[in-house]
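Each remark here refers to the structure printed beneath this line.
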Amino acid sequence: MSLLYIKEKVVKIQTTVSSSPYHLFAIFNNPQIKATCNTHVSNLVYVYEVRMSRSVPLPHPYSSSVVVKLSTKLNPHLLSSSSNYYSIRSKKKNGAIHASYSFHARDLTYRPPGTQINLLNHVSFTLPHKSFGLIFGPSGSGKTTLLQLIAGLTKPTSGSIFTQTPFQPPLPLSPQSVAILFQFPERYFVADTVFDEITFALPRHKTHLQHLIATRLETAITSVGLSGIALDKNPNSLSGGYKRRLALAVQLVQTPELLVLDEPLAGLDWKARADVVKLLKNLKKELTILVVSHDLKELAPLVDKSWRMDVGGLLIEKPLPI
């Protein structure tokens, strides 16, 4: 890998991610460098002026790879330079710059209170933002238990669940950012109308939030293809496929970042199953999705990462056995 040696005493670095001086120095592959750092923020873009005590090597923008400490790799095409001005960018979409992040579980162990047996043993995995993950394996191996931990319904005996953004410290995963859909969710409908079912958990009595609620309701209904259903219709009068769509809308109205699903195709006929797969394909464009399922063949086209859970709560990353 070729290197450029920057001799200027001041180097400007532009990034959409707020960074500490340590992280910035890591970009130069030299965390021991002595420097001061001034920060300016404009239009959500951070510009750092790093004043260096000596010249340092900087990976050439057109080298084969740019390796940054903290186990982060930058595509060389995302690193541009002009004189002594360097811009470090994340993936571009529609001309805008977006910082990517991922969901992590690290060394999760779960032992129910009052027992001596672990249902999960040292489970670890990573799921990138807006990707589709699938966990498969025999019944009773702990798959649903893992989903409950991720959704914050149960606390792990040990280990951590967090989100990670490049150049940022990890943050605990907030239960408010996770929506969980259990197997046969239509069995748990509580309201008499579609409207009341979707908005059941929203603060509808607060007048100043009515516009927000209306916007969320419209978005959720549109996302799952329920636009043609009357809001005063009884949820239990819907077909199996539309009940499943409604159950998804109930979760999506909470605007989660991570959607976890337990056997989303269970109990549906072939047409409803195909409709739900198509729906999940569209949701994947906006959300990160983690699914537990035995229906591997139908979901395979959507899967970015997959893991097998074996009896004893042991998780290992493996391709789908199809």
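Quick check on my filter: what residues within region 154-167 are in contact with a helix residue (DSSP H, G or I) (Cβ under 8 Å, 6 or more places away or on another chain) and surrounded by fewer than 16 Cβ atoms within 10 Å (Cβ to Cβ)?
Scanning region 154-167 gives 154, 155.
Within region 233-258, which residues are polar (S, T, N, Q) and closer than 16 Å to residue 222 by Cβ? If you could, list the steps in order and put the result at the bottom.
Here is the first cut: in region 233-258, the residues polar (S, T, N, Q) are 234, 236-237, 239, 251, 254-255.
Of everything in region 233-258, those that are polar (S, T, N, Q) and closer than 16 Å to residue 222 by Cβ turn out to be 251, 254, 255.
May I ask you to list the residues in region 249-264 that are of a type in the set (S, T, N, Q) and either surrounded by 17 or more Cβ atoms within 10 Å (Cβ to Cβ) or part of a helix (DSSP H, G or I) (or both)?
Listed by number, the list holds a single entry, 251.
Given the residues 296, 287, 315, which is the only one that is of a type in the set (A, V, I, L, M), at pLDDT 95 or above and farther than 25 Å from residue 109 by Cβ?
Selected residue: 296, the only one of 296, 287, 315 that is of a type in the set (A, V, I, L, M), at pLDDT 95 or above and farther than 25 Å from residue 109 by Cβ.
Residue check, residue 211 against (1) on the phi > 0 side of the Ramachandran plot; (2) surrounded by fewer than 14 Cβ atoms within 10 Å (Cβ to Cβ), all met but one. Which one?
(1)
Name the pairs whose Cβ atoms lie under 6 Å apart, with the first residue in region 188-211 and modelled with pLDDT under 90, the second surrounded by fewer than 13 Cβ atoms within 10 Å (Cβ to Cβ), and 6 or more positions between them or separate chains?
Hits for this filter: 209/203.
Quick one: residue 237 ticks every box in (1) within 22 Å of residue 129 (Cβ to Cβ); (2) free of Cβ contacts under 8 Å to residues at least 12 places away in the same chain; (3) among the polar types (S, T, N, Q) bar one, so which box is it?
(1)
The values are calculated or read from the model by the stated rules, or taken from the named source; none is laboratory data. Source: prediction; values computed, not measured. In this analysis, Cβ positions are derived from the backbone assuming ideal geometry, glycine residues included, and neighbour counts consider all displayed protein chains.
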